[in-house]
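A.B. asks: What follows is a structure written as structure tokens; I'll ask about it next.
The values are calculated or read from the model by the stated rules, or taken from the named source; none is laboratory data. Nothing here was measured: the structure is a model prediction, and the numbers come from that model. With ideal geometry, Cβ positions are generated from the backbone for all residues, glycine too; neighbour counts draw on all protein chains shown.
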Amino acid sequence: MTDIRHTHRYLVPEQPSSLTAELWELRAEIDLLPRVVRSRAQIEQAKGAIMARYGMDEEHAVQLLRRWSSLSRIKTRIVARTVMDLLSTAPQDQLAEQDFVERLTRRLAEPGIAELPAPEPDSLRPG
């Protein structure tokens, strides 16, 4: 019979079985879910802002976010946050699409932009 020890509120066998390893992997995935949800919310906000500001359809806005992410080699959530920062600081009528793309390209090239932390839960609440 396998010895059992108490670890982090869970009972874990001393000799991990494949089932135990799978349970730990699932626990790790569950722990990541809040961050994934926050990141997706931020991406959705940026997509919606691009659609509203520039009259694009959803597919085109998503393609732009993915392309900027790929070309700059920066995570899409960071690109989305940068998009929201740019759009929120410029008056709607003063940021033409070409100007926006140029500003975004410059901002994504700044040193350290790829190391931005994940969004905090409260930062994604409306108003």
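A.B. asks: What are the pairs with Cβ atoms under 8 angstrom where one residue, in segment 53-73, is without any contact (Cβ under 8 Å) to a residue 12 or more places away in the chain and the other, located anywhere, is outside any helix (DSSP H, G or I) and surrounded by 11 or more Cβ atoms within 10 Å (Cβ to Cβ)? Sequence gap at least six, or different chains.
C.D. replies: Pairs found: SER69/LYS75.
A.B. asks: Can I ask one more? Answer yes or no: is there a residue in segment 87-107 that is polar (S, T, N, Q), surrounded by 12 or more Cβ atoms within 10 Å (Cβ to Cβ), assigned to a helix (DSSP H, G or I) and modelled with pLDDT under 85.
C.D. replies: yes
A.B. asks: Run down SER88, SER69 and say which single residue is hydroxyl-bearing (Ser, Thr, Tyr) and farther than 19 Å from VAL36 by Cβ.
C.D. replies: SER88
A.B. asks: What pairs can you find where one residue is in segment 16-43 and under 20 Å from THR82 (Cβ atoms), the other is among the small types (Gly, Ala, Ser) and assigned to a helix (DSSP H, G or I), and their Cβ atoms are less than 9 Å apart, with a gap of 6+ or different chains?
C.D. replies: Short answer, once both residue conditions are applied: ARG38/SER123; SER39/ALA80; GLN42/ALA80; GLN42/SER123; ILE43/ALA80.
A.B. asks: Further, regarding this structure: Test ARG53 against the stated conditions and say whether it is basic (Lys, Arg), part of a helix (DSSP H, G or I), surrounded by 14 or more Cβ atoms within 10 Å (Cβ to Cβ) and at pLDDT below 90.
C.D. replies: So ARG53 passes the test.
A.B. asks: How many of the residues in segment 46-74 are among the polar types (S, T, N, Q) and touching a helix residue (DSSP H, G or I) at 6+ places or on another chain (Cβ under 6 Å)?
C.D. replies: 2
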